[in-house]
Amino acid sequence: MTSRREFLQQLGVATAGALPLIRSMKGMPAALAADIQLGYAAITWGGNDEQAIEDISALGFPGIQLRASVLTKFGAQPVALRDLLASRHLTFVALSSGNVSIDPAAESRIIADHVAHAKFLRDAGGLYLQLIDERPAGRAVQAADIQRLGRLLTEIGRRTADIGIPVAYHPHMGSIGERPNDVERVLDATDPKYVRLLLDVAHYQVGGGDPVAAIRHFADRLLFLHIKDVRRPIRETPPSYEFVELGRGSVDLPGVFSALRDVHFRGWAIVELDDVPDHARTPKDAAAMSKRYLEDVIRVPVS
């Protein structure tokens, strides 16, 4: 017969074994952790891409997004970048390819530039090409502008698809796709076969949208995400906002990850911070803060 002491000891072992399950039930389900891969964007390092690679790798993020600044050193040697990233156990998730102007006189150059970036990305072992549109200066956006942008994004996407690189359109403050209705209209003007969506949850919120609802609405178009937080207003006049480390702003990040679970998203989510709000901290310090938030609050493992 089992004694009371033995029974309690067995119960303690069983409870200890169940703790990981209990913890996972309080946060994100285990299946979600397996479906989402988390990377970090090098933009915070202000063009010091090699330091960004070292720091992001040291923190345990498995992926990285780089900007076109990386072309300064590695543009003619993409294999060297691929080898560097491999040595740091980093997946080259995305390249920020720059803006897409709708100026008809620039069309040929714009297409050629982004296709060249896609070839570099492919040769460096990367996955996705990010495109942001360029709002026309000095006048309001017209319906014809949106249709032209849609055709241009589609043409770039068609050509990069031929070399194995999908295109993601990144709605952004100050762009044609600044507000939720604008995002909808731009996507409607593109061919979904060639143009997917990069949803930046903070930009979408500042533009007046609900990023949690957007994940559900655009689930079939999502290629990858920017996981980002924002604090506003910094001042009332003129209205302003500031991007901050995860958990320090107003984006419903638990809701974002719950929505990703609900739509069965599988892919990359890149944590992004344009600049460190407190300059007493380094970019690596800020990235470590966001990592702790993801692991301790959202309960999604980073590495």
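The values are calculated or read from the model by the stated rules, or taken from the named source; none is laboratory data. The model shown is predicted, which means the values in this text are computed figures rather than measured ones. Neighbour counts run over all protein chains shown; Cβ positions are idealised from the backbone, glycine included.
At a glance:
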item	result
Members of the stretch 257-284 found to be closer than 22 Å to PHE92 by Cα and not aliphatic (A, V, I, L, M), listed by number	PHE265, ARG266, GLY267, TRP268, GLU272, ASP274, ASP275, PRO283, LYS284
Counted residues, the stretch 167-181 - those being buried (at least 19 other Cβ atoms within 10 Å of the Cβ), out of contact with any Phe, Trp or Tyr (no Cβ under 9 Å at 6 or more places or on another chain) and not in a strand (DSSP E or B)	5
Residue within the stretch 149-159 that is within 27 Å of VAL251 (Cα to Cα), touching a residue at least 40 places away in the same chain (Cβ under 8 Å) and either buried (at least 22 other Cβ atoms within 10 Å of the Cβ) or among the basic types (Lys, Arg) (or both) present	no
Of residues in the stretch 122-140 being of a type in the set (Gly, Ala, Ser) and without any contact (Cβ under 8 Å) to a residue 24 or more places away in the chain, the one farthest from ARG151 (Cα to Cα)	GLY138
ILE156 being of a type in the set (A, V, I, L, M, F, W, C), modelled with pLDDT of 95 or more and farther than 30 Å from ALA287 by Cβ	yes
The lone exception for GLY164 - which of (1) in contact with a Phe, Trp or Tyr (Cβ under 9 Å, 6 or more places away or on another chain); (2) closer than 30 Å to ILE110 by Cβ; (3) in a loop (DSSP other than H, G, I, E, B) it fails	(1)
Residues of the stretch 230-277 satisfying the condition of being within 17 Å of ASP210 (Cα to Cα), crowded, with 21+ Cβ neighbours inside 10 Å and touching a residue at least 60 places away in the same chain (Cβ under 8 Å)	PHE257, LEU260
Residues within the stretch 278-300 that are in contact (Cβ under 8 Å) with a residue 24 or more places away in the chain and in a helix (DSSP H, G or I), tallied	12
Members of the stretch 83-94 that are surrounded by 17 or more Cβ atoms within 10 Å (Cβ to Cβ) and within 21 Å of PHE224 (Cα to Cα)	LEU85, LEU90, THR91, PHE92, VAL93, ALA94
